[in-house]
Amino acid sequence: MAPGGAIFIFERINNMQFTGTFKPHPKGFGFVQTVEGLGIFVAPKLAKRFFHFDVVQVEAEQAEDERWSAQSLTLVEPGMRRIAGTIERHDDALWVVPELSMLPKFPVYAGETMPATHGDKVVAEALATPAGWAMELKANIGPATGKNWESEIGIALHGIPTDNWVAPVKQADLSGYADMQHLPMVTIDSESTTDVDDAVFVEETSNGFTLYVGIADASSYVEEGSDLDKYAFERATTVYFAQQIHSMLPRSISSKAGSLLPDEPRPVLLAQVNISKQGEFQSVDVKKAMIRSRAKLSYTEVTNAVEHRGIDDAHPQQSTIDALHQLYLVLLERRVARGSLPIRSGDYDYELNENGRPVSIEFSPWHVSYGMIEECMLAANTGVAQWLIDRNIPCLYRHHKGPDDAAWATSRAYLESLGLGDIAVAPTPLQLQRLVESASSIGEEFGVSNAIRSAMRPATYQVDRPAHFSLAYDCYTHFTSPLRRYADMTVHRVVKRVLDGLTPYTAEELEPVAAQCTMADKRAKKSTREEAKRLRVEFAEQFAGQTIKMQVTGGNSSGWFVKSEMPPLEAFAVVSPRSGWTWDALTQRAVHEEKDAVRLGQEVDVLIQGIDLNKVRINSVPTCAMAPAPTESVAQTPENRP
């Protein structure tokens with residue numbers, strides 16, 4: 001009863017319908033995550049009929065505690081059916097233990113004919129049987145001691161083409177290419193790079209800068225509609241595993257004839273971008289040209305030339321490097337002004353033994369030379385996109401839509417809980433940038449940046465949507481990597497049709513290319529991330545029993561997500577329910593009645609207990625959140641009796 005005698009009656013909501021994604025739990029129940037952001041409980045009797053990531057229509061009921069539970073489920077679209085896992089033998093029966101921790105083990109299908117034994121790494125497909133889900137084996141990679149199993153299982157799981165092109169290749173007629181070999185262009189890449197796509201040169205002018213970006217003319221080796229073109233289209237991108245590389249184009253093109261090697265004449269599409277002293281684009285020109293790179297520079301030597309320049313030890317290409325650096329500073333300032341947040345993350349270098357096992361994994365920090373080349377490539381990509389739009393030419397664009405509505409709603413609640421004011425429902429890049437700046441003043445920059453990133457949709461290839469939200473560009477394409485991306489090679493073909501006075505492609509002709517390139521990009525990123533996770537888990541075994549300082553990146557009621565750069569570990573650290581710690585989902589922090597809260601980005605001591613290679617996880621626990629030791633009862637004796 002409320003004050004004044006009013007009586008409030010809770011009205012239960014019955015039989016509402018939602019659409020969402022099904023996620024099972026190893027204990028047999030599951031949840032449907034709806035597009036509205038609800039989590040609907042699914043009892044085991046219903047859950048056993050559905051598999052991971054199935055899209056379902058659910059009829060649900062809300063109880064008096066406001067929790068939702070499913071009354072019925074209908075399959076809308078099958079989700080993931082193919083998984084990576086490990087064979088286990090129990091009582092003369094074979095089971096598949098999925099890598100995904102949320103999935104339980106499944107029996108191998110009774111009619112299976114593919115040989116397998118305990119410990120084999122396999123790819124299997126879920127089959128619905130009267131007795132429940134069973135696994136049909138699709139590929140047997142062999143034991144975890146086998147060569148490169150960490151990448152081979154991803155190749156089989158995601159269907160990455162691996163056959164090599166063996167037929168000879170020939171180059172198209174290069175008449176009509178302007179001779180621009182007088183430009184003192186250079187390439188800047190990693191020391192190990194062989195497929196060199198881009199060469200750059202910057203000329204400082206009275207009005208600002210003239211940027212020349214020469215991009216390898218891969219399409220001159222790949223005749224449209226040919227068998228080689230179909231080969232490249234199927235792959236659509238080069239896949240860079242730590243253990244192996246599968247190229248979109250034959251190595252005879254990507255690493256040799258088409259690569260912009262020093263002192264070798266090469267055909268390119270040359271973008272000339274005139275930029276003001278304030279970083280504004282004044283004009284863009286694109287032409288077919290022949291260039292000759294003066295030098296193949298590494299990121300390391302260019303960074304050293306920028307940061308440690310001396311009069312007596314200037315780099316042979318110092319004037320070129322200095323001009324590039326000056327342009328970088330101008331473009332970076334302009335980028336920040338329009339609301340784009342540069343990403344300054346490094347990467348990892350893997351040293352592997354002859355079987356592909358990790359010997360060492362070293363963190364390589366971000367270099368200023370990365371930023372110098374990145375800004376040049378961004379300028380060329382957006383410049384060419386605008387050049388095509390000005391001519392009303394259909395093209396492939398690299399489109400980024402921005403935050404997902406449901407994910408952003410969750411992030412908004414967290415951001416507002418930090419006292420950052422009213423957060424926009426549909427934020428602009430500049431508003432997000434200012435949020436991060438405000439968060440840094442209260443020590444919450446890590447958590448806020450993480451909330452923004454986690455809400456973002458992935459970028460895709462589109463024909464009719466040119467804008468890129470994260471880069472804060474009205475139009476953007478991929479033009480600068482045609483040796484390793486089919487999208488870029490397609491953009492080259494679009495440009496060359498304009499230059500040659502030929503009929504442009506129609507949007508209908510480009511749509512299948514956009515779909516294939518989006519799929520292949522997602523496939524490559526997912527498979528290489530999974531390989532990296534397997535390698536890091538194997539590498540973590542040597543740290544068993546050690547306590548490592550790790551950064552908290554997230555959490556839930558069961559534990560905290562943690563990571564460290566060196567050693568390069570990522571884990572879910574289990575928190576004991578008897579430790580007194582709970583996770584506040586709104587403020588995204590761990591709280592304790594007697595201790596200071598643990599915020600996102602904060603370092604904690606984590607005990608590495610060991611690894612589970614079947615589930616590809618590092619078993620760990622925060623030392624501050626371990627179960628308290630049981631109190632020892634002391635027997636009463638004459639000596640200790642009060």
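Before moving on, here are some points about what is shown:
- Based on C-alpha pairs under 8 angstrom that are at least 6 apart in sequence, the stretch 126-212 has a relative contact order of 12 percent.
- For the stretch 410-505, the solvent-accessible area with a 1.4 angstrom probe is 42 square angstrom per residue.
- Sites excluded, chymotrypsin sites (Phe, Trp or Tyr not before Pro) in DSSP loops with at most 10 other C-beta within 10 Å, longest stretch of the chain: 11-642
- Cα long-axis angle, helix 445-455 against the chain (0 to 90 degrees, to the nearest 10): 80 degrees
- Hydrodynamic radius (Kirkwood) for the stretch 185-236, which is based on Cα pairs only, to one decimal in Å: 13.7 Å
- Taking other residues whose beta carbon is less than 12 angstrom from the beta carbon of K615, and scoring Lys, Arg as +1 and Asp, Glu as -1, yields +1.
- Averaged over its residues, the stretch 65-189 has an accessible area of 52 Å² per residue, based on protein heavy atoms and a 1.4 Å probe.
- Under 13 Å, Cβ to Cβ, from P107 - net charge with Lys/Arg +1 and Asp/Glu -1: -3
- Using the Karplus relation 6.51 cos²θ - 1.76 cosθ + 1.60 with θ = phi - 60°, the per-residue 3J(HN,Hα) values for the stretch 467-472 come to 6, 10, 5, 5, 7, 6 Hz, with x marking Gly and Pro.
- Carbon/sulfur fraction of accessible area - the stretch 210-368, other protein chains in place, 1.4 Å, %: 48 percent
- log₁₀ of I(q)/I(0) at q = 0.19 Å⁻¹ - the stretch 140-284, Debye sum with one point per alpha carbon: -1.16
- The stretch 514-594 - percent of accessible surface contributed by carbon and sulfur, probe 1.4 Å: 51 percent
- Loop-resident sites, the stretch 373-446, for trypsin sites (Lys or Arg not before Pro), counting at most 16 other Cβ within 10 Å (DSSP): R391, K401
- For volume of the Cα convex hull per residue in Å³, the candidate list reads [x] 259; [y] 158; [z] 182; the entry that matches the value derived from this model is [x].
- Neighbour-limited loop hits for GluC sites (Glu not before Pro), the stretch 550-636 (at most 15 other Cβ within 10 Å; DSSP other than H, G, I, E, B): E565, E593, E594, E632
- From the alpha carbon centroid of the stretch 71-144 to that of the stretch 367-421 is 39 Å.
- Contact order, relative form, for the stretch 107-165: 31 percent (alpha carbon pairs under 8 Å, 6 or more residues apart, mean separation divided by residue count).
- Restricting the calculation to Cα atoms, the stretch 16-84 shows an Rg/Rh of 0.95 when the hydrodynamic-style radius is the Kirkwood one.
- Look at where the Cα atoms of the stretch 28-60 and of the stretch 251-319 average out, and the two centres are 53 Å apart.
- Per residue value of the accessible surface for the stretch 221-375 (all protein chains in place, 1.4 Å probe), Å²: 46 Å²
- Cross-link partners for K522 among the lysines, with Cα-Cα distance under 28 Å and sequence neighbours closer than 8 places in the same chain left out: K23, K105, K121, K138, K147, K230, K256, K401, K496, K533, K563, K615.
- The helix-based estimate of mean residue ellipticity at 222 nm for the chain, built from -39,500 (n - 2.57) per DSSP H run of four or more residues and divided by its residue count, is -8000 deg cm²/dmol to the nearest 500.
- Using C-alpha pairs below 8 Å separated by at least 6 residues, the relative contact order for the chain is 11 percent.
- The angle separating the long axis of helix 486-499 from the principal Cα axis of greatest extent in the chain is about 30 degrees.
- Cα centroid separation, the stretch 478-503 to the stretch 168-199: 15 Å.
- Charge sum, other residues only, whose C-beta stays under 15 Å from R334's C-beta, Lys/Arg counted +1 and Asp/Glu -1: -2
- With θ taken as phi - 60° and the Karplus curve 6.51 cos²θ - 1.76 cosθ + 1.60 applied, the whole-hertz 3J(HN,Hα) list for the stretch 519-532 is 4, 5, 4, 5, 4, 5, 5, 5, 5, 6, 5, 5, 4, 4 Hz, x standing for glycine and proline.
- To the nearest ten degrees, helix 429-440 and the longest principal axis of the Cα atoms of the chain are 60 degrees apart.
The values are calculated or read from the model by the stated rules, or taken from the named source; none is laboratory data. None of these values were measured; they are calculated from a predicted model. All Cβ positions, even for glycine, are placed from backbone atoms using ideal geometry, and neighbour counts span all protein chains on display. Ligands, DNA and RNA are excluded from the accessible area calculation, which covers all protein heavy atoms including side chains. Shrake-Rupley method; radii C 1.70, N 1.55, O 1.52, S 1.80 Å.
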